[in-house]
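The values are calculated or read from the model by the stated rules, or taken from the named source; none is laboratory data. Fair warning: this is a prediction, and the values are worked out from it, not measured in the lab. Ideal geometry is used to build each Cβ from the backbone, glycine not excepted, and the neighbour counts take in all protein chains shown. Side chains included, ligands, DNA and RNA excluded: accessible areas come from the protein's heavy atoms. Shrake-Rupley method; radii C 1.70, N 1.55, O 1.52, S 1.80 Å.
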Amino acid sequence: MKKVYISMGFIFCLYILTIIIPIQNPKTVNMGSAFLSMSHEHLLGTDQFGRDIMSLMIYGFNRTVSVLLAAVAISMIFGLILGICSGYFGGVVEIFARLFSDISMIIPSFVLALIATAKFGANPITIGIVLGVCDIGIYSNQAEALTKKLKGSEYIQAAQLLCMSKSKILFRHVFPKVVGPALTLMGGKAGSIVLAYASLTFIGLGTDTSAPDWGTMLYQYRTYLIDRPILLLWPSLGILLLALIFYYAFDNFNMSRSREELLYE
């Protein structure tokens, strides 16, 4: 748990700092300042358009984190609800939950992102919702399997014999045991979400190509791979480090066992 608090606290503080600290307009073009070296005025230098790379990185970080948070919230909340209900109640609930989960995993996220942004506009929240919907099935399938296993455990059966309500069983005994593995899964999926958003912005599919995203930066700097590789280094490091932080934070995340579970082991 300690590394979760440290990692998430670091991301949160960094996110707040990028919002409140003054930065240069990332869309301001100044051809006379093109390819400036790193200095106190331009900490990471400037690109071919004279734009401050640090400002571009900060702006891209904010947009990427917004996508990541939206995607994780959508996929985990709906995925856990579907999976837990499907695994515990079974029957018709399981059939519909599995149908929705399968559909969410079959639809290509790139195609869905293109349709959604064409309808609702290109912004990080829209992309995050699309990527989150496409990941619902992954969390749902995991939660369903874990719930079925927990349903057959002795402490759950004891709670049922004591006439404990189904809602109380789900919230007090099932959900705490399912959310831990789901967070571990989320830590691994976070890197995929960051990379998916970077890929969308790289090819300009359903995104605002004028916005300074990390993927857009990689696309614009690709022609300088040989002459000025440092231009591609910064957005690449941003993608890599953000994915690694989430993976490190939630790797092998486990919730503590309840007293009831320990009693019936």
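Taking only the C-alpha atoms of region 55-158, Rg followed by Dmax gives 16.7, 58 Å.
In percent, rounded to a whole number, the relative contact order of region 102-223 is 27, using alpha-carbon pairs under 8 Å and six or more apart. Look at the dipole of the chain built from charges on Cβ: of ILE21, LEU244, ILE203, the Cα furthest out on the positive end belongs to LEU244. In this simple spin-label model, placing a label point 7 Å from the Cα along the Cα-to-Cβ direction at both GLN157 and ILE16 gives a separation of 4.9 nm. The fraction of accessible area contributed by carbon and sulfur in the chain is 69 percent, rounded to a whole number (1.4 Å probe; ligands and nucleic acids excluded). For region 14-71, what does the alpha-carbon gyration tensor say about shape, rounded, prolate or oblate, given a ≥ b ≥ c as the root eigenvalues, a/c under 1.5 as rounded, and a/b over b/c as prolate? Prolate, since a/c reaches 1.5 and a/b exceeds b/c. Axis of helix 230-250 versus longest Cα principal axis of the chain: the two differ by about 20°, to the nearest ten degrees. Note the angle between two axes, namely the Cα long axis of helix 2-20 and the longest principal axis of the Cα atoms of the chain, as a number of degrees from 0 to 90, rounded to the nearest 10. Taking the Cα atoms of the chain, the angle to 2-20 is about 40 degrees.
Largest first and in whole Å, what are the equivalent-ellipsoid semi-axes of the chain based on the Cα gyration tensor, each being the root of 5 times an eigenvalue? Please report the intermediate quantities before stating the final value.
Values: eigenvalues 376, 84, 32 Å².
Sorted largest first and rounded, they come to 43, 20, 13 Å.
Charging the Cβ of each Asp and Glu at -1 and of each Lys and Arg at +1, and nothing else, the dipole of the chain about its Cα centre rounds to 540 debye.
With protein chains left intact and a 1.4 Å probe, residues in the chain average 52 Å² of accessible area per residue.
As a calculated quantity, the FRET efficiency between LYS168 and TYR248 at R0 = 51 Å, using C-beta atoms, amounts to about 0.90.
Computed from Cα atoms, the angle from the helix 124-134 axis to the main principal axis of the chain rounds to 40 degrees.
Dividing the mean sequence gap of close Cα pairs (under 8 Å, 6+ apart) by how many residues the chain holds gives a relative contact order of 21 percent. If you take the Cα centroid of region 34-88 and the Cα centroid of region 102-167, the two points sit 23 Å apart.
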